[in-house]
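I have a structure I would like to understand better, so I am pasting it below and will then ask my questions one at a time.
The values are calculated or read from the model by the stated rules, or taken from the named source; none is laboratory data. Note that the coordinates shown come from a computational prediction; the quantities given were computed from them, not determined experimentally. For neighbour counting, all protein chains shown are included, and Cβ atoms are generated from backbone atoms with ideal geometry for every residue, glycine included. Note: accessible area is taken over every heavy atom of the protein model, side chains too, but ligands, DNA and RNA are not part of it. Shrake-Rupley method; radii C 1.70, N 1.55, O 1.52, S 1.80 Å.
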Amino acid sequence: MIRFDPVSFTETIQLVALKLPVKLCGKFIKEFKSKKVVLAKPGIKSVIDAIPLTATKRKADHKLLLLDEHISSVKLNELPTDLKKMIEVEEGIEIVPHSLKVTAKQLSCESILRKLLPVDISVPTSFETVGHIAHLNLRDEHMPYKKVIADVFLEKLKPQIRTIVT
């Protein structure tokens, strides 16, 4: 029997990031997003503070621009030429490794269910809500997995949803 354990979906992804002075963030974000080399995962910010803020230091002077997973420090030379020039021209920019912890909270119901259900089973993605109840239209193929499907939807949709029906 398949079970959903949110803790088992915690993973650490090794990324490359650009450490930028705050004043350059807008310019770099615009250019890098347009070239689709910025990390684009739902629920995860692509720009974060370079150091954890403390009570004494409330504003970061540098930010990290997280680059897409397919870009490694080795592949930085594969960046578009104009982006490489931006990095070389501006002062105060560093290329740094970054470990990103991804939990079940950042994943969608669909991505979790794709990992849990057998490959030949379609993933239910749509539902209707009435108050605190979510109604899923499950097919016959889903019935052996209805408990795990309900558990995933309950975990992801709480506290608004407290009951799942089919």
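Okay, residues lined up against (1) in contact with a helix residue (DSSP H, G or I) (Cβ under 8 Å, 6 or more places away or on another chain); (2) at pLDDT below 85; (3) more than 30 Å from Pro144 (Cβ to Cβ):
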| site | (1), (2), (3) |
| --- | --- |
| Leu15 | no, no, yes |
| Lys23 | no, no, yes |
| Lys33 | no, yes, yes |
| Lys57 | no, yes, yes |
| Leu65 | yes, no, yes |
| Pro80 | no, yes, yes |
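Please go through the stretch 1-33 and give me each residue that is open to solvent by 80 Å² or more (accessible area, probe 1.4 Å), over 15 Å from Leu107 (Cβ atoms) and not in a strand (DSSP E or B), ordered by number.
Met1, Arg3, Lys23, Lys27, Lys30, Lys33 - these are the residues of the stretch 1-33 that are open to solvent by 80 Å² or more (accessible area, probe 1.4 Å), over 15 Å from Leu107 (Cβ atoms) and not in a strand (DSSP E or B).
Do you know which residues across the stretch 65-88 are more than 19 Å from Ile48 (Cβ to Cβ) and assigned to a helix (DSSP H, G or I)?
Matches in the stretch 65-88: Val74, Lys75, Leu76, Asn77, Glu78, Thr81, Asp82, Leu83, Lys84, Lys85, Met86, Glu88.
Checking the conditions here, which among Ile95, Ile161 is open to solvent by less than 60 Å² (accessible area, probe 1.4 Å) and among the hydrophobic types (A, V, I, L, M, F, W, C)?
Criteria check complete, one pass: Ile161.
Which numbered condition trips up Leu117, out of (1) open to solvent by less than 40 Å² (accessible area, probe 1.4 Å); (2) touching a Pro at 6+ places or on another chain (Cβ under 9 Å)?
(2) is the only condition that Leu117 fails.
Out of curiosity, is Val102 β-branched (Val, Ile, Thr) and farther than 17 Å from Glu11 by Cβ?
Values: β-branched (Val, Ile, Thr): yes; farther than 17 Å from Glu11 by Cβ: no.
Judged against the criteria, Val102 is not a match.
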